[in-house]
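Please treat every number below as a calculation from the coordinates, not as lab data. This is a predicted model, so every value here is computed, not measured. Heads up, the Cβs are rebuilt from the backbone with ideal geometry, glycines too, and the neighbour counts pull from every protein chain shown.
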Amino acid sequence: MTVISVVLGRTFHYVDEILPFSFGGTDLPIDDIAAVCLLVYFGVSTLVDASSSDSLKSEDEQKEAELAVSEFSGSGAGILSAANTIISTFALVFVAEWGDKSFFSTIALAAASSPLGVIAGALAGHGVATLIAVLGGSLLGTFLSEKVHKFSKSLQLVLICIS
């Protein structure tokens with residue numbers, strides 16, 4: 001998913017180089033401007049989502065996720081069961097991430113930055129986030145609300161835009 005989004009972002013960057021946009025005799029970096037606008041939009045929209053008290057939507061999403069995980073759970077032991085769990089988890093995460101804010105944010109960053117740096121940073125970020133989710137998700141879920149989680153995500157996107 002990360003590599004796909006970086007390829008899309010770099011394609012957007014190369015199109016900007018091939019067909020430059022000029023305003024008043026000055027070339028404008030449309031890919032950089034679009035990247036900043038996209039990240040600002042995601043930061044603000046996540047802040048708006050976090051400030052709304054739609055706990056019913058969060059509960060529905062949690063039940064949907066639990067149902068999807070229970071459908072993909074492997075039963076038994078051995079290599080076949082482990083392979084089934086790995087393939088099912090990959091499919092679940094791939095489909096969940098497709099078109100997500102992180103997908104479009106990676107496209108925006110890849111359009112404006114080094115593709116290898118974006119791939120390394122995105123893979124490290126996804127790896128750490130997945131590790132935290134796997135090891136401590138259920139424990140943290142009992143102490144932190146969905147609202148706190150959304151505020152922290154939106155703050156992160158806004159800080160990325162500022163930097």
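When a/c reaches 1.5 or more, the comparison of a/b and b/c decides; with that in mind, is segment 124-163 rounded, prolate or oblate per its Cα gyration tensor? Write out the running numbers ahead of the final one.
Numbers: a/c = 4.65, a/b = 1.39, b/c = 3.35.
In terms of gyration-tensor shape, oblate.
Suppose the chain between Ala129 and Leu159 were pulled fully straight at 0.36 nm per residue; how much longer would it get relative to their current alpha carbon spacing?
Numbers: separation 30, 0.36 × 30 = 10.80 nm, distance 1.77 nm.
The Ala129-Leu159 span can extend by a further 9.0 nm.
Under a point spin-label approximation (7 Å from Cα along Cα-to-Cβ), what is the Phe94-Leu28 distance to one decimal in nm?
Simple spin-label model gives 3.8 nm for this pair.
Go through segment 143-153 residue by residue and turn each phi into a ³J(HN,Hα) via Karplus (6.51, -1.76, 1.60, θ = phi - 60°); whole Hz please, and just put x for glycine and proline.
Values per residue, Gly and Pro as x: 9, 10, 7, 5, 5, 4, 4, 5, 4, 5, 5 Hz.
Is the shape of segment 88-163 best called rounded, prolate or oblate, per the rule: a/c under 1.5 gives rounded, else a/b larger than b/c gives prolate, else oblate, with a ≥ b ≥ c the square roots of the Cα gyration tensor eigenvalues? Display every interim value, and only then the final one.
Values: a/c = 2.01, a/b = 1.33, b/c = 1.51.
It is oblate, given that a/c is not under 1.5 and a/b is not larger than b/c.
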